[in-house]
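The values are calculated or read from the model by the stated rules, or taken from the named source; none is laboratory data. These figures come from a predicted structure and were not determined experimentally. So basically every Cβ, Gly included, is an ideal-geometry build from the backbone, and we count neighbours across all protein chains shown.
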Amino acid sequence: MAYVLRRLLEMVPVLLVVVVATFFLAHAVPGGPFDKDRPMPAEVKARLEQYYGLDQPTHVQLGNYIVRLAQGDLGPSIKYPGWSVREVIGARIGVSVSLGLVALLLAVLVGVPVGVLAASRPNSWLDRVPMGFTLVGICVPSFVLGPILALIFSLGLGWLPPCGWGSAIHFVLPACTLGLITAAPLARLTRGSLMEVRSLDYIRTARAKGVPPLRVWFVHALRNALLPVVTYLGPAAAGLVSGSFVIESLFDVPGLGRLFVTAIINRDVMLILGTTIVYAAALLFLNLAADLAIAALNPKVARDR
Amino acid sequence: MSDPIVESLGSESGWQRFLKDRAAVWSACFLLSISAVCFLSPMIAPYPYMEQNLAHSAMAPSSAHWLGTDLLGRDVLSRLLQGGMISLFVGFIATAVALVVGICYGVLAAEVGGRAEDAMMRFVDIVSTLPLTLIVILCTVVFGQNMPMIFLAVGGVSWLTMARIIRNQTREMKASQFVQAAESLGQSRWGIFRRHYLPNLAGTIAVCATLTVPGVMLLEAFVSFLGLGVKAPMTSWGLMIKEGADIMEECPWLLISPSIVFALTLLSLNFLGDGLRDAFDPRSSRK
């Protein structure tokens with residue numbers, strides 16, 4: 001418990017650094033939020049900038065922003081007048097979270113069993129064929145796999161809608177693209193660590209004393225072999241984040257990733273900051289969750305801290 | 001590409017082991033030829049990459065245009081070569097940046113030791129949990145067409161793994177007898193770094209570098225795919241894939257050729273990195 005608290009406290013300065021860095025970067029982006037519209041009278045622009053606090057020096061804006069952030073206020077959105085950034089993000093975060101979770105679930109449900117299967121018969125076709133596929137999965141980026149899947153399943157076979165959002169069927173292509181990309185390294189990792197664990201002494205002991213083979217495999221070996229796999233879930237989540245930018249643009253999904261990209265294109269400083277903070281916080285929490293899961297799996301880690 | 005670094009290792013048996021790994025050797029050949037072709041593209045490309053010919057727009061592959069033409073009638077093969085030049089260039093330069101930063105940071109952390117080392121490594125841990133893709137995207141937007149800054153941004157987020165590995169190895173070496181001997185003979189820290197650390201790290205560095213290049217190229221492609229990286233009339237593989245994906249229904253060849261070349265390049269880099277690791281990294285277990 002003390003450990004969790006310490007980790008949570010550690011997040012505060014980290015997030016603060018992210019806020020400051022993003023703030024200056026977002027402000028350094030050439031062009032302003034009002035440049036794209038029909039040129040407006042200077043007075044109107046001045047009033048608008050005054051309304052959004054953009055006329056103040058940068059460090060004052062930053063101070064104001066951090067004070068409001070501490071109260072949970074992400075500020076007003078500039079390109080969505082009348083909406084606060086929190087409302088804009090809140091309206092879209094569900095889509096991204098559900099897509100990400102389904103993809104992660106799919107990755108684990110496909111990746112781990114494939115790795116176990118491959119490790120159970122090393123160097124047979126059961127190993128070679130799936131491992132060949134995972135190699136392809138590692139090297140084909142999501143923005144290549146996505147269009148190819150769409151080309152086959154929606155334009156070629158006509159089974160699935162190529163893009164859009166709303167019903168469960170729209171989930172299939174984006175979730176599969178993201179999930180399969182993540183499943184590939186998971187499968188390789190599972191296979192690798194199972195191969196290492198299965199040659200250890202305690203496995204031989206368990207076999208020797210007559211534990212049923214399946215029990216040795218799934219209870220004794222897999223529990224230890226899964227440790228690196230669980231550790232990888234943190235980076236995997238980061239991969240899902242960057243994947244989601246591409247997938248959401250590709251399949252026209254109204255999620256957070258596309259919001260971030262449009263916010264940059266629109267120079268909506270507040271929205272850029274808001275989405276970055278949400279992403280950073282989500283990743284920090286996911287890493288904490290992965291660490292806690294490792295402690296649950298491995299008493300040695302839990303004792304060490 | 002990373003061959004000169006490896007050559008300086010001069011380990012005969014390492015080279016022999018490497019040459020036996022056929023996947024790695026073929027990958028090296030593929031990478032060498034694709035780099036040569038791309039970097040020579042201004043001389044050997046069949047058409048100027050930005051020459052538009054609206055009379056010949058969106059043509060399927062033919063004998064005049066081997067890989068077809070895009071909507072503006074530009075030759076896809078020529079653009080593929082020019083895009084490859086950009087993608088590979090970003091990959092190599094950004095990796096070099098990541099290498100320099102990673103080596104300096106890792107060696108420095110191991111050298112100072114104690115609390116400062118712990119703090120430095122904790123910093124690496126924390127930074128690697130952040131959404132760095134977002135930061136890179138922002139940087140590329142801020143610095144726009146300024147290519148060197150894009151290299152710095154991409155390299156600036158890719159050095160973390162490198163620093164971790166280098167620090168672990170340096171720490172081991174620091175405690176070893178040959179370094180202690182050098183210390184007691186009065187060699188300076190810089191001398192130890194140059195004469196002892198660097199040669200012993202060379203194998204690890206070569207492997208790390210080869211495995212960093214695909215990540216870096218992927219990052220550049222991501223950013224270009226989102227329309228925020230390389231700007232017209234220049235192109236990169238990521239940008240070509242995006243343009244192809246937009247109109248894949250009518251002109252699938254615009255998507256297929258850059259996708260295949262990009263995936264093959266990444267695949268070869270991974271094979272090459274694995275092969276180098278198996279051949280030159282004493283720690284890697286060969287099963």
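List the pairs whose first member sits in the range A:135-150 and is within 8 Å of another protein chain (Cβ to nearest Cβ), whose second member is assigned to a helix (DSSP H, G or I) and of a type in the set (S, T, N, Q), and whose Cβ atoms are under 8 Å apart, counting only residues at least 6 apart or on separate chains?
A:Leu135/B:Asn270; A:Ile138/B:Asn270; A:Cys139/B:Asn270; A:Val140/B:Ser259; A:Val144/B:Ser259; A:Gly146/A:Thr177; A:Pro147/B:Ser259; A:Ile148/B:Ser259
Of these, A:Leu259, A:Leu286, A:Leu226, A:Leu250, which one is away from chain B (no Cβ under 14 Å) and crowded, with 19+ Cβ neighbours inside 10 Å?
Exactly one of A:Leu259, A:Leu286, A:Leu226, A:Leu250 is away from chain B (no Cβ under 14 Å) and crowded, with 19+ Cβ neighbours inside 10 Å, namely A:Leu226.
Being of a type in the set (Ser, Thr, Tyr), within 11 Å of another protein chain (Cβ to nearest Cβ) and not in a helix (DSSP H, G or I) narrows it down to one of B:Thr161, B:Thr129, so name that one.
After ruling out the rest, the residue left standing is B:Thr129.
Name the pairs whose Cβ atoms lie under 6 Å apart, with the first residue in the range A:175-198 and surrounded by 23 or more Cβ atoms within 10 Å (Cβ to Cβ), the second of a type in the set (Ser, Thr, Tyr), and 6 or more positions between them or separate chains?
Listed pairs, sorted by first residue: A:Thr177/A:Ser142; A:Ile181/A:Ser142; A:Ala184/A:Thr134; A:Ala187/A:Thr134.
Only one of A:Val129, A:Val110 is away from chain B (no Cβ under 14 Å), among the aliphatic types (A, V, I, L, M) and farther than 22 Å from A:Val230 by Cα; which?
Within the list A:Val129, A:Val110, the selection yields A:Val129.
Scan the range B:259-272 and tell me whether some residue there is touching a Lys or Arg at 6+ places or on another chain (Cβ under 9 Å), under 30 Å from B:Gln16 (Cα atoms) and assigned to a helix (DSSP H, G or I).
No; the residues of the range B:259-272 include none that is touching a Lys or Arg at 6+ places or on another chain (Cβ under 9 Å), under 30 Å from B:Gln16 (Cα atoms) and assigned to a helix (DSSP H, G or I).
Keeping to the range A:13-52, report how many residues are modelled with pLDDT of 75 or more and either under 26 Å from B:Met149 (Cβ atoms) or among the polar types (S, T, N, Q) (or both).
16
Please pick out the residue among B:Val90, B:Val107, B:Val97, B:Val101 that is part of a helix (DSSP H, G or I), more than 14 Å from every other protein chain (Cβ to nearest Cβ) and in contact with a Gly (Cβ under 6 Å, 6 or more places away or on another chain).
Only one candidate passes the filter, namely B:Val97.
Can you name the number of the only condition in (1) closer than 19 Å to A:Leu271 by Cβ; (2) assigned to a helix (DSSP H, G or I); (3) at pLDDT below 80 that A:Lys79 fails?
Result: A:Lys79 passes all but (2).
Please give the number of the condition B:Ser257 fails out of (1) at pLDDT 85 or above; (2) small (Gly, Ala, Ser); (3) surrounded by 24 or more Cβ atoms within 10 Å (Cβ to Cβ).
(3)
Do we have B:Ser35 as of a type in the set (S, T, N, Q) and not in a helix (DSSP H, G or I) here?
Answer is no for this residue.
Is it fair to say A:Pro213 is more than 14 Å from chain B (Cβ to nearest Cβ) and out of contact with any Cys (no Cβ under 7 Å at 6 or more places or on another chain)?
Considered against the rule, which asks whether it is more than 14 Å from chain B (Cβ to nearest Cβ) and out of contact with any Cys (no Cβ under 7 Å at 6 or more places or on another chain), A:Pro213 comes out as yes.
Can you name the residue in the range B:89-109 that is of a type in the set (A, V, I, L, M, F, W, C) and surrounded by 22 or more Cβ atoms within 10 Å (Cβ to Cβ) and, of all such residues, is modelled with the lowest pLDDT?
In this case the residue turns out to be B:Val90.
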